[in-house]
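Here the structure comes first, spelled out in structure tokens, and everything after it is commentary.
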Amino acid sequence: MRTLIILTILAVLVMVATCYESRESMESHEYLYPFINRRRANDFIQADTRLEAFSQERIRERNKAPQERHREICEDYYPCELYAFRHGYAAAYRHYFGKRRTK
């Protein structure tokens, strides 16, 4: 019985020592206001310029120049590609896809 009382007292002392809230933690404003303002949320994190460059490259891939799109269309059609080797991609695209041929 005596060992049970001693173990209980030790457990209470360990609990008090580890669960003690210091005055310094109470001074923090995070205790009262756990959420920070949206404008200040990104103040402490600097944007990685490599990731920004990577995302800009992905945006550029989605918005291709018309000449690049015409060149890709021409490359997919073999006769247009052969014509492009001799006369250039702009002329080849105009020759094969520039005018819509309707009957």
Given R₀ = 35 Å, FRET efficiency for residue 87-residue 64 by Cβ-Cβ distance, to 0.05? 0.95
State log₁₀ I(q)/I(0) for the stretch 60-102 at q = 0.16, 0.34 Å⁻¹ as given by the Debye formula over alpha-carbon point scatterers of equal weight, solvent excluded. -0.39, -1.15
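At 0.36 nm per residue, minus the direct Cα-Cα distance, what do residue 75 and residue 15 gain on full extension? Give it in nm, one decimal, please. Don't skip to the answer; put the middle values down first.
Numbers: separation 60, 0.36 × 60 = 21.60 nm, distance 7.41 nm.
Full extension of this stretch gives 14.2 nm more.
Readers should treat all values here as calculations from the given coordinates under stated rules, not as data from a laboratory. Keep in mind that what you see is a predicted model, and the values were worked out from it rather than measured. Cβ atoms come from the backbone with ideal geometry, glycine included; neighbour counts cover every protein chain shown.
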